[in-house]
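One structure below.
The values are calculated or read from the model by the stated rules, or taken from the named source; none is laboratory data. All of these numbers come straight from a predicted model, not from anything done at the bench. We place every Cβ from the backbone using ideal geometry, glycine too, and count neighbours over all the protein chains shown. Protein only, heavy atoms only, side chains kept; ligands, DNA and RNA dropped before computing areas. Shrake-Rupley method; radii C 1.70, N 1.55, O 1.52, S 1.80 Å.
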Amino acid sequence: MNKLKAYTLFSSSKGNSTYISYGKDAFLIDAGASMRAISTAVESLGGSLKKLRGIFVSHEHDDHTKGLKVISKNCGIPIYTDPKCMNLISMQAPAAEECLVPTLAGDVVHIGDIKVTVYPTPHDSVRSFCYRIETAGGSLGYATDIGHISDEVQDALFGCDSVLIESNYDPLLLQNGPYPKFLKERIDSARGHLSNAACACLAPVLARCGTRSISLAHLSETNNTPRLAFEATKERLNEYGVSLCGECFAGDLRLQVASVAQITEITL
Ligand SMILES: [Zn+2]
Ligand SMILES: [Zn+2]
């Protein structure tokens, strides 16, 4: 039987792109790196940009879209996003508009035997989405750029075998860091990004709903470290009696941090 596979190619506040495949079908979520970098990463996984069935664009921010200009000009891959996001994307990437497949919150998109359900997220963009990806060979909930855990984000994630979720910043590092006040407030707001603590609070609930793998993603390189993000969620899981899988022992749940720019396999 086929197995759902997912790999983050890039994951941070600077750039995000994730490759998802099931059988012969593959697509990207976001294209926040150069076409060359994304193409090299996809090829190293045995895929090809031109054979992708589409790119789901979560929202118009640059760290999710900067590769679209060149990719849409060269590959003509369908781009699944909200028309309002596309209005903004097409100012920088005119060819992208011709690839648009208008996609709204609540839509269900079938890519071969992969079912992708689109949910809205609370974020300071014109529109923004997270995704529930379901196949006969596993399910993945995928949510980054979320100011808080809304009911819709919960609907996207709860009950998935594997969850990729934003763990963007450590509140103390943000508070004491170099960003201007307005930006700190923006990140910390209910329509900004998810802190390590807020992400950690959700983890035991996900475990209780059957999730067996959590991948922490979209970390800020300025206001976070992989260790801080990992430890915050690990501590919370342990408080609730959820043990982590280690190299030599089986626990209740696997926890990992997606690398900034190295391919990370999302455990499913
Ligand atoms: Zn964003
Ligand atoms: Zn982002």
**Study point:** Test for ILE29: is it more than 29 Å from THR211 (Cα to Cα) and touching a strand residue (DSSP E or B) at 6+ places or on another chain (Cβ under 8 Å)
**Key:** no
Practice item. Would you mention how many residues in region 1-35 are over 13 Å from ALA261 (Cβ atoms), outside any strand (DSSP E or B) and open to solvent by 10 Å² or more (accessible area, probe 1.4 Å)? Key: 6
Practice item. Kindly provide the set of residues from region 177-230 that are open to solvent by 20 Å² or more (accessible area, probe 1.4 Å) and either of a type in the set (Val, Ile, Thr) or in contact with a Lys or Arg (Cβ under 6 Å, 6 or more places away or on another chain) (or both), ordered by number. Key: VAL205, THR222, THR225
**Study point:** Top-ranked residue of region 235-246 - restricted to ones that are closer than 24 Å to THR18 by Cβ and crowded, with 17+ Cβ neighbours inside 10 Å, ranked as modelled with the lowest pLDDT
**Key:** LEU244
Practice item. Mind counting the residues in region 75-96 that are hydroxyl-bearing (Ser, Thr, Tyr) and surrounded by fewer than 14 Cβ atoms within 10 Å (Cβ to Cβ)? Key: 0
Practice item. Could you pull out every one of the strands (runs of 3 or more DSSP E) wholly within region 83-149 that has 1 or more residues that are modelled with pLDDT of 95 or more and among the charged types (D, E, K, R)? Key: 114-120, 129-135
Revision key, fill the gap. For region 97-117 the number of residues that are over 27 Å from GLY23 (Cα atoms) and either surrounded by 18 or more Cβ atoms within 10 Å (Cβ to Cβ) or in contact with a Cys (Cβ under 8 Å, 6 or more places away or on another chain) (or both) is 0
Point to revise | Residue match in region 129-138 (condition: buried (at least 23 other Cβ atoms within 10 Å of the Cβ) and more than 18 Å from TYR22 (Cα to Cα)) | key: yes
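Listed here are the residues, each with its yes/no results for (1) assigned to a strand (DSSP E or B); (2) over 24 Å from SER17 (Cα atoms); (3) touching a Ser or Thr at 6+ places or on another chain (Cβ under 9 Å).
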{"residue": "VAL153", "(1), (2), (3)": "no, no, yes"}
{"residue": "LEU164", "(1), (2), (3)": "yes, no, yes"}
{"residue": "ALA200", "(1), (2), (3)": "no, no, yes"}
{"residue": "LEU206", "(1), (2), (3)": "no, no, no"}
{"residue": "THR211", "(1), (2), (3)": "no, no, yes"}
{"residue": "LEU216", "(1), (2), (3)": "yes, no, yes"}
{"residue": "ALA229", "(1), (2), (3)": "no, no, yes"}
{"residue": "CYS248", "(1), (2), (3)": "no, yes, no"}
{"residue": "LEU268", "(1), (2), (3)": "no, no, yes"}
**Study point:** Number of the exception - ALA261 against (1) open to solvent by less than 60 Å² (accessible area, probe 1.4 Å); (2) small (Gly, Ala, Ser); (3) at pLDDT below 95
**Key:** (1)
Revision key, fill the gap. From the option list ALA41, ALA95, ALA37, single residue qualifying as of a type in the set (Gly, Ala, Ser) and touching a Leu at 6+ places or on another chain (Cβ under 7 Å) is ALA41
Practice item. Quick one: in region 46-66, of everything that is farther than 19 Å from VAL126 by Cα and out of contact with any strand residue (DSSP E or B) (no Cβ under 6 Å at 6 or more places or on another chain), which residue is farthest from ligand 1 (Cβ to nearest atom)? Key: GLY46
Exercise for review: Name, by its number, the condition in (1) more than 19 Å from THR264 (Cβ to Cβ); (2) away from ligand 2 (no atom under 16 Å from the Cβ); (3) aliphatic (A, V, I, L, M) that does not hold for VAL57.
Suggested key: (2)
